[in-house]
1. Taking the residues in the range 25-44 that are surrounded by 15 or more Cβ atoms within 10 Å (Cβ to Cβ) and of a type in the set (A, V, I, L, M) as candidates, determine which candidate is nearest to residue 91 (Cα to Cα).
2. Name every residue in the range 45-89 that is of a type in the set (Val, Ile, Thr) and either surrounded by fewer than 18 Cβ atoms within 10 Å (Cβ to Cβ) or in contact with a His (Cβ under 7 Å, 6 or more places away or on another chain) (or both), in order of residue number.
3. Checking residue 83 against (1) modelled with pLDDT of 85 or more; (2) in contact with a helix residue (DSSP H, G or I) (Cβ under 9 Å, 6 or more places away or on another chain): exactly one of these is not met. Which one?
4. Restricting attention to the range 98-131, report how many residues are in contact (Cβ under 8 Å) with a residue 60 or more places away in the chain, farther than 30 Å from residue 50 by Cα and of a type in the set (Ser, Thr, Tyr).
5. Only residues that are touching a helix residue (DSSP H, G or I) at 6+ places or on another chain (Cβ under 8 Å) and more than 26 Å from residue 71 (Cβ to Cβ): list them for the range 106-135, please.
6. Out of the range 54-113, which residues are in contact with a Pro (Cβ under 9 Å, 6 or more places away or on another chain), of a type in the set (A, V, I, L, M, F, W, C) and farther than 16 Å from residue 42 by Cα?
7. Can you tell me which residues in the range 80-97 are in a loop (DSSP other than H, G, I, E, B) and either hydroxyl-bearing (Ser, Thr, Tyr) or free of Cβ contacts under 8 Å to residues at least 12 places away in the same chain (or both)?
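The values are calculated or read from the model by the stated rules, or taken from the named source; none is laboratory data. Treat the numbers as computed from the prediction; the structure is a model and nothing was measured. Here the Cβ is made from the backbone with ideal geometry for all residues, glycine too, and neighbour counts use every protein chain on show.
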Amino acid sequence: MFVIAPETIWTIFSYLSITVFALIFSVLVYIIIMHNILYRRLDPILFQKPWFNQAELTMYSTWPFSFNKTLQYMGLLTFPEYMKKKRFKGLKKIPEVSSTIKNASKIYIYLQILTALVGIAWFTYIGVILLTNETL
């Protein structure tokens, strides 16, 4: 049976751990910044009854649920056709925002996907090592 040296295992684990936690930290900081930018601009236009029911209007007005609303706004800016079919049905025109905000929303969505993929790789690595290596 092929055995990997414990030093190699812990080195890979450490790099994956540092990467995962750095990505999670950057995603949290990024969403706080984007939330403060987007809610001021888009709440008066989009945070209304046709697109949000009464429970969501109440719940998404408070922390931490208001970040869910911000994610939906970023989804609308990143994937407008998809979000107009799913969440914002009947929305005629997407609110005007600068191209910088649209690009920042795209970067956040892709950063979130990257974080999920690295997290999956991290847990997969841990599982494979624990199941296959008997030296731990």
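1. Let us first name the residues in the range 25-44 that are surrounded by 15 or more Cβ atoms within 10 Å (Cβ to Cβ), namely 27, 30-31, 34-35, 37-39, 41-43.
Now restrict to residues that are of a type in the set (A, V, I, L, M): 27, 31, 34, 37-38, 42.
Details: 27: 28, 31: 24, 34: 22, 37: 21, 38: 18, 42: 13 Å.
Step by step, filter the range 25-44, then rank; the result is 42.
2. Narrowing the range 45-89 to residues of a type in the set (Val, Ile, Thr): 45, 58, 62, 70, 78.
45, 58, 62, 70 - these are the residues of the range 45-89 that are of a type in the set (Val, Ile, Thr) and either surrounded by fewer than 18 Cβ atoms within 10 Å (Cβ to Cβ) or in contact with a His (Cβ under 7 Å, 6 or more places away or on another chain) (or both).
3. Result: residue 83 passes all but (1).
4. 2
5. Passing the criteria: 125, 126, 129, 133, 135.
6. Residues satisfying the conditions do not exist here.
7. Restricting attention to the range 80-97, the residues satisfying the condition of being in a loop (DSSP other than H, G, I, E, B) are 87-97.
92, 93, 96 - these are the residues of the range 80-97 that are in a loop (DSSP other than H, G, I, E, B) and either hydroxyl-bearing (Ser, Thr, Tyr) or free of Cβ contacts under 8 Å to residues at least 12 places away in the same chain (or both).
Table: residues versus (1) modelled with pLDDT under 85; (2) within 30 Å of residue 9 (Cβ to Cβ); (3) of a type in the set (Val, Ile, Thr).
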| site | (1), (2), (3) |
| --- | --- |
| 74 | no, no, no |
| 77 | no, no, no |
| 101 | no, no, yes |
| 104 | no, no, no |
| 113 | no, yes, yes |
| 122 | yes, yes, no |
| 125 | yes, yes, no |
| 128 | yes, yes, yes |
| 132 | yes, yes, yes |
